[in-house]
Every structure is written in structure tokens, then in C-alpha cells.
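The values are calculated or read from the model by the stated rules, or taken from the named source; none is laboratory data. Because the structure is predicted, anything quoted here is derived from the model rather than measured. Cβ atoms come from the backbone with ideal geometry, glycine included; neighbour counts cover every protein chain shown.
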Amino acid sequence: MANALEGTVALVTGASSGIGEATARALAAAGASVAISARRLDRLEQLGGEIADAGGTALPIESDVTDPEQAIAAVGRTAEELGRLDIVVNNAGQMLLGPIEGAPTEEWERMIDINLRGLIRTTHAAVPHLLAAADSERNCADLVNISSVAGRLARSGSAVYNLTKHGVGAFSESFRQEFARRRVRSCIVEPGAVATELTDHIRDGVREEVRDRLSGMKHLEAEDIADAIVYAVSRPSHVCINEILIRPTEQVG
């Protein structure tokens, strides 16, 4: 799909590692100019340099989606400095699992702030730019929200993470219905187990249990998810891939 996205501009949140980093590389390889946002500027600058060395264009933006001003500013900088905004990939997220009983509720607040509030703030700020892009020669624009299998299946020990990811699904479908006639496409991507640092942030005791449950199988790589995202946003303008559920072959739940 080389050059399938030539002339487009994408914003990827949570781009300093994992799925976000892989998606930024894949979009750039397909011809998009890519704004890469996250809190870790050093990683973004390294990624941006590597994309540039490969012949692409990347704009590193230090941004924390839990800060409303920073989330909105990242969208504004993307459109201003790269000239437009065709694709938004809301990838920033956190998975802090554990029982409800005795849970540190600051973990719940953190997930709600990143997984939901950050996503809807970024989306709201991007809407005017996406609508403008949909009226250009490409004749469409794209919102991609990264959810999880946890957005479909509730599991004990995952209550608030489930809550946030089910919310992402509901928001994405409502967005799709609202903007379908205006050619801003909505795609929700729901990965299963992926080999990223996502489990690193789970508290001690719970982390080991989660990793043990997901052991003994070949996990997806971040590049597998990035490939699915590029496929979705590079379809002809009359085609909207609404939802992609992607698990490792051996994952049961």
C-alpha cells in the first residue's frame, strides 16, 4: 500500500511506543505526513527522525491527552503545521486491571481520563478539520479509535477498563451515524493480546496474574494492528470499515 495515503495528514496519539509507534511508521510508509503525540518527547523525536530518514514526514508533539488544553493544541498544531488533517488515530490508553474491592480508585480516574476523556477531547477538536478534509479531493476522512477485546467482553478484575472500552465503542458508533453522510468514516479497532508495554503499568500482584493468563501463545505484534489500521483508512471513499476485532490465533477469550 505504498503511497496509498499520499497527500494526507494523520495524527496519532500515544505514539511513543507500541501500537501508536507502529501505526505512525505504517501511515508514513503509506505516504501520509504524520503528527505523533505523546508525553515522552525524547521517544517522539527519535521516531520522527527515523521516519524522516526513511523519506517520510513526522511532526513530534509533546502532549498529554488528560490535559484538555494540550489535547486540543495537538490537533491545532497538526492542522496548522502540516496543512490539514485527514486521519485521527486515538491510540493513547492505559489498562490498569484488578478487583473492584480494595482498588486504588486513582487508577480508575486515570483510565477514564486517558481512555475516554482524552479520546473525546481529541475527537471534538478534530471534527472541523476532518469535515474539511472530507470535502477535499480525497472525498473522505477517518477517525480510528483503538479499543480492545475488553470493549466486547466483560471480565472479573477488569471492571473499569471494560467500562472505558465499552464507552469507546458506543462513542465510535454514534460518531459513525452522525457523520456518515458527511463522509467522515469511523473505525473501531479491538485488539486482543499484543506484545506491548501495556501490562507494565498494572500494579504488582495483578500484573503477574494477567501475564500468566495470556501466556503460552504467540501474541500479536504492534505492527499487526498498524497494518489493519492502514488497511481501513486506505479504502476507497465509498467503503467504511466500521469495526476490526483482531486476536492472536490461539487466544480464546
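Among the residues making up the range 99-135, those that are farther than 22 Å from Gly167 by Cβ and at pLDDT 95 or above are Pro128, His129, Leu131, Ala132, Ala133, Ala134, Asp135. If you go through the range 233-253 and keep only what is assigned to a loop (DSSP other than H, G, I, E, B), in contact with a strand residue (DSSP E or B) (Cβ under 6 Å, 6 or more places away or on another chain) and farther than 20 Å from Phe175 by Cβ, you end up with just Pro248.
Identify the residue in the range 126-177 that is more than 19 Å from the chain's Cα centre (by Cα) and part of a helix (DSSP H, G or I) and, among all such residues, is surrounded by the most Cβ atoms within 10 Å (Cβ to Cβ). My answer is Ala133. Picking from residues in the range 192-241 that are farther than 30 Å from Gly31 by Cα and of a type in the set (Asp, Glu), the one that is surrounded by the most Cβ atoms within 10 Å (Cβ to Cβ) is Glu209. Out of curiosity, is Arg43 part of a helix (DSSP H, G or I), more than 18 Å from Thr199 (Cα to Cα) and not hydroxyl-bearing (Ser, Thr, Tyr)? Yes, satisfied. Tell me yes or no: at least one residue of the range 93-103 is in contact (Cβ under 8 Å) with a residue 12 or more places away in the chain, in a helix (DSSP H, G or I) and surrounded by fewer than 16 Cβ atoms within 10 Å (Cβ to Cβ). So far as the range 93-103 goes, no, none of its residues is in contact (Cβ under 8 Å) with a residue 12 or more places away in the chain, in a helix (DSSP H, G or I) and surrounded by fewer than 16 Cβ atoms within 10 Å (Cβ to Cβ).
Check Glu21, Glu109 and return the single one that is free of Cβ contacts under 8 Å to residues at least 40 places away in the same chain and of a type outside the set (S, T, N, Q). After applying the criteria, what remains is Glu109. Restricting the first member to the range 206-232 and to residues that are without any contact (Cβ under 8 Å) to a residue 12 or more places away in the chain and outside any helix (DSSP H, G or I), and the second to residues that are among the hydroxyl-bearing types (Ser, Thr, Tyr) and surrounded by fewer than 18 Cβ atoms within 10 Å (Cβ to Cβ), no beta-carbon pair is closer than 7 Å while six or more apart or on different chains. Of all the numbered requirements in (1) within 22 Å of Ala22 (Cβ to Cβ); (2) in contact (Cβ under 8 Å) with a residue 12 or more places away in the chain, Ala180 misses one, and that requirement is (1). Just one residue in the set Ala58, Ala52 is farther than 21 Å from Ser172 by Cβ and surrounded by fewer than 24 Cβ atoms within 10 Å (Cβ to Cβ); that residue is Ala52. Across the range 48-90, the qualifying residues are those that are touching a strand residue (DSSP E or B) at 6+ places or on another chain (Cβ under 7 Å) and in a strand (DSSP E or B), and the one among them that is nearest to Ser234 (Cα to Cα) is Ile87.
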